[in-house]
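Below: the structure, in structure tokens.
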Amino acid sequence: MTAPARCGALLGCAALLLGSGCVEDLRPDVGPPAQELCLDEDSDPDTPVQFARDIVDTIFARELTGCHQCHRPTAPTPLGFEVGGLDLTDVTSLQKGGVVSGSDIVSPGRPCESILLQKVGPAAPFGGRMPLNGPPFLNDDERQLIHDWIAEGALDN
């Protein structure tokens, strides 16, 4: 059989499969989605998230696995600051980002695009999931606080 004839036969078979509904049977079984869909909306618009109280004091300053352990110039082990260039001392420093993230670290109003939220989730876009010395990692409530703070505009409050 010539090459054009083989191609024609294959196209004919494909047309039969498409018309018969058999294509669904050929799809791989990949299971349920591994990650929930990210939405940019605030999960609780009636409760504002305060950066100082809810993010810094609750998450960043947490003992042992807190972000301040590595991401401040005065940190006990300032690896995240020295190597990654990310300073979480205050909102202004945070918004400058790090060596890789740059200013995409926080996109006010768009938590799903914010690298800060991605890095503390199960599928970091680059490097390791934070905190690097985890587990334990941030829990769902802590990640939701960061998400909502960014959704509310990533204010310095």
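Read the figures in this text as sums done on the coordinates, not as results from a lab. All values reported here derive from a predicted model rather than from experimental measurement. Heads up, the Cβs are rebuilt from the backbone with ideal geometry, glycines too, and the neighbour counts pull from every protein chain shown.
General observations
- Cα-based radius of gyration of the stretch 98-142 once divided by 2.2 N^0.38 Å, which approximates compact folds: 1.13
- Sparse packing (at most 12 other Cβ atoms within 10 Å of the Cβ) combined with a DSSP loop state is found for the following chymotrypsin sites (Phe, Trp or Tyr not before Pro) in the stretch 76-142: 126.
- Here the gap between residue 65 and residue 142, fully extended at 0.36 nm per residue and compared with their Cα-Cα distance, gives a gain of 26.5 nm.
- Listed values for the stretch 119-133 are Karplus-derived 3J(HN,Hα) couplings in whole Hz (6.51 cos²θ - 1.76 cosθ + 1.60, θ = phi - 60°), namely 5, 9, x, x, 10, 4, x, 7, x, x, 5, 9, x, 4, 8, and x replaces Gly and Pro.
- Summing charges over all other residues whose Cβ lies under 13 Å from the Cβ of residue 89, with Lys and Arg as +1 and Asp and Glu as -1, gives -1.
- Loop sites in the stretch 92-150: trypsin sites (Lys or Arg not before Pro), DSSP, at most 13 other Cβ within 10 Å: none
- Electrostatic tally near residue 65: other residues with Cβ closer than 12 Å to its Cβ, Lys and Arg +1, Asp and Glu -1, net 0.
- Cα-based convex hull volume of the stretch 51-151 per residue, rounded to whole Å³: 87
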